[in-house]
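Input: a single structure, listed below in structure tokens.
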Amino acid sequence: MRAKRREGFISVITGFAFTGIALGVATLIIVMSVMNGFRHELLSRILGINGHIGIMAPTSYPFNNYHEAIKDISSIEHITTVIPMIENQLLVTAGRSAEGVMVRGIAKEDLLKKQALAKAVAGVDMQYYSDDGIIMGVRLAHKMGLTEGDKITLLSPNGKITAFGTVPRMKSYQIIGLFDSGMFEYDSNFIFMPLESAQLYFGLKNAVTNIDVTLDDDKYLEAVRDALDKSIGGNAYIYDWKQSNAAFFNAIEVERNVMFVILTLIIVVAAFNIITGLIMLVKDKGRDVAVLRTMGATKGMIMRIFFMDGAFIGIVGTSIGVALGLLVSYNIERIRQFLQGVLGRDLFSAEIYFLSKLPAKVDIAEVAVVVSVALLLSFAATLYPAWRAAKMDPVEALRYE
């Protein structure tokens, strides 16, 4: 592979081929890992705050017999957790600040059943989660300039009807703590309050508006949903997490597939560099090939020599790319923090990407596919130059030398 001094450009092209394959493989592994991590983190946080299936009561008819409904639903196979709650959009005010929020009334023991929620409120003293004590998303609190111990006012347009019209429902609550789920959408929009307090505020007495259902495995989603449809009938609206987030996750999947195709083209370009380098190498080594042929080397032997040259570039380049890709993928968040410190800019805004940390999840099966594609392209790129070398006439090669 080391060309003659007067043909040193061959070595340069070979170096480009090495670099191109290594960068292509590394970039493909990093991007696919980040896309996988992004999807995994979003899904785990969504299912950590919400269940796999939601059951929502009609607007004018809340679930008055939800205790019995929970027992019936819990008896269905593969359902692990059934949580009654009240959920509604309200306006929260504090001083001159006002924001639209999603208020969720949920009992303390049910809130702590969800691992992601329990982790998010780990720093909150839950003994005060009662009566007028509420838990607010950390980003919502920062946006409104609030902290633990401050008071807020919740306003609902569906208030009491009087002779002078509808009077908005208003009540003050105290922030007993802030939760941080790591997902911007929830941390900037959600408020949790005790179920009894929510029933009192919304005038629902002993009723709820939603029932949250969590499964032991997502693969049973369709079967459990069919069972719920048969059990509940048309008395409620049943939806699952895929419906609620369909557009979002479909966009991630499409982007992931497109990125795989686009980045594979980097490896294809590197494979063309292998072809170019080997063709020039065949020309440069013409006299050597002729000497080998006159000494008895067969065409198959010559083909194997140049095939091994190209295969060496592919194998070494792919190995370097895999090592670099895995190294960056497993340290992607540290690299981001370092670059942010150097550049003084936020490179992964939570407002845009929904997550506060840059995730990466390496899928060994995908890494194997990337390696296979890179090696396949590298080996295929060697076939024509090797065939051309084997076809060379030793007499003609020696004559022109």
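Just so you know, all these numbers are worked out from the coordinates, no wet-lab data involved. Source: prediction; values computed, not measured. All Cβ positions, glycine included, derive from the backbone under ideal geometry; neighbour counts span all protein chains shown.
Assorted remarks:
- Nearest-20 debye value, the chain charge dipole, Cβ charges on Lys, Arg, Asp, Glu: 1820
- Averaged over residues, the count of other Cβ atoms within 10 Å places the peptides 315-322, 73-80 in the sequence 315-322, 73-80, highest first.
- Paramagnetic label zone (point 7 Å from Cα along Cα-to-C-beta, Thr153; backbone N under 16 Å) in region 106-133: none
- The Val254 and Asp110 beta-carbon pair, evaluated with R₀ = 35 Å, returns a calculated FRET efficiency of approximately 0.45.
- Each peptide in 209-221, 22-34 receives the mean, over its residues, of other Cβ atoms within 10 Å, and ordering these scores from highest gives 22-34, 209-221.
- Of all DSSP beta bridges in region 58-235, antiparallel share, percent nearest 5: 75
- Structure note, pairs Lys71/Lys114; Lys114/Lys219; Lys114/Lys171: Cα-Cα distances above 21 angstrom occur for Lys114/Lys171.
- Options Ile332, Ile55, Ala116, ranked by Cα towards positive dipole end of the chain, top entry (Cβ charges): Ile332
- Computed on the chain, with alpha-carbon pairs under 8 angstrom and 6+ residues apart, the relative contact order is 29 percent.
- Among residues other than Ser231 with Cβ under 13 Å from its Cβ, the summed charge is -2 (Lys and Arg +1, Asp and Glu -1).
- Span-rule helices in the chain, defined as complete DSSP H runs reaching 30 Å or more along the axis (Cα) with Kyte mean at least -1.0: 9-49, 246-284, 299-330, 364-391
- Two-decimal Rg to Rh for region 242-330 - Kirkwood Rh, Cα set: 1.27
- Three-way shape label, region 58-235, alpha-carbon gyration tensor, a/c 1.5: oblate
- Placing one equal scatterer on every Cα of region 55-116 and applying the Debye formula, the log10 ratio I(q)/I(0) at q = 0.21, 0.24, 0.25, 0.28 Å⁻¹ is -1.00, -1.14, -1.18, -1.26.
- Semi-axis lengths (Å, descending) of the ellipsoid that matches the C-alpha gyration tensor of the chain: 65, 24, 15
- The residues neighbouring Ala98, those whose beta-carbon lies less than 15 Å from its own, together hold a net charge of +1 under the Lys/Arg +1, Asp/Glu -1 convention.
- Extension gain for Val12-Gln89 works out to 21.3 nm (0.36 nm per residue, less the C-alpha to C-alpha distance).
- Bridge type composition, the chain - antiparallel percent by DSSP, nearest 5: 80
- Length released on extending from Ala365 to Ala122, taking residue separation times 0.36 nm less the Cα-Cα span: 83.9 nm
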